[in-house]
Amino acid sequence: MCETHVSGDGLSIMQACPDQDSSAPSLTDHAWRASYRLAFVGAKLWWKLRRPHHEGALVAVHVMHNLLLLRASYRTAWNFPGGGVKKGEPPEAAARRELFEETGLTAGPLVPAARLTGVWLSRREVVHVFEWRLDELPPLRLDNREIVAARLVPLSEWRQVEVTGPVGAYLQQQDSKGSGTFCEQKVPKKLY
């Protein structure tokens with residue numbers, strides 16, 4: 001596990017891996033990353049053939065006027081902490097679980113912000129977005145295998161970053177509705 005700290009400017013995030021001389025990935029990390037990439041390619045092919053339904057939960061971590069974005073080893077687009085909702089699991093519990101698994105953070109109050117439906121990566125999805133607002137970002141623990149990078153992006157600059165479909169839909173909704181308002185939105189059929 002690597003611990004991640006926000007720099008003095010509040011936007012740069014630096015990683016320190018205690019088991020390594022630097023934050024460079026180990027051979028084991030590279031093997032895990034290759035496994036994730038291979039599994040993701042297989043999953044995308046399966047989704048394209050089967051067009052399954054999927055339910056997900058994301059946490060939009062607002063740090064003052066910035067958003068926390070994570071990058072997985074198997075994607076180029078940035079995402080919020082989050083993932084799939086297990087059968088019988090409440091969406092908020094899934095959001096909390098995924099936030100902890102991906103960042104090491106235990107969330108305070110989560111506010112339901114959006115319920116998005118759309119087609120992303122050939123899957124018909126329902127994505128629950130929760131907001132967590134912070135004055136400063138605590139140190140993060142990234143595994144350096146699935147989650148390999150974190151960054152804070154000013155809300156005003158999010159369009160300059162490649163984000164996943166659900167994150168883009170949430171942020172577009174925030175632009176049009178204003179933050180602090182729950183919204184249920186059907187997103188046009190678009191593959192990301």
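The figures follow:
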quantity	calculated
Search result, residues across region 103-113 that are at pLDDT below 95 and surrounded by 17 or more Cβ atoms within 10 Å (Cβ to Cβ)	Ala107
In region 80-103, the residues that are closer than 14 Å to Ala60 by Cβ, small (Gly, Ala, Ser) and either out of contact with any Asp or Glu (no Cβ under 7 Å at 6 or more places or on another chain) or in a helix (DSSP H, G or I) (or both)	Ala95
Matching residues in region 29-61 - criterion: being closer than 20 Å to Ala94 by Cα and surrounded by fewer than 21 Cβ atoms within 10 Å (Cβ to Cβ)	Pro52, His53, His54, Glu55
Condition check for Trp132: among the aromatic types (Phe, Trp, Tyr) and outside any strand (DSSP E or B)	no
Hits in region 65-97 (condition: modelled with pLDDT under 95 and crowded, with 21+ Cβ neighbours inside 10 Å)	Ala72, Ser73
Boolean, Arg151 is in a strand (DSSP E or B), touching a Phe, Trp or Tyr at 6+ places or on another chain (Cβ under 8 Å) and surrounded by fewer than 22 Cβ atoms within 10 Å (Cβ to Cβ)	yes
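The values are calculated or read from the model by the stated rules, or taken from the named source; none is laboratory data. Every value quoted in this text rests on a predicted model; they were computed, and no experiment measured them. Counting neighbours? That spans all protein chains shown, and the Cβs are built from the backbone with ideal geometry, glycine included.
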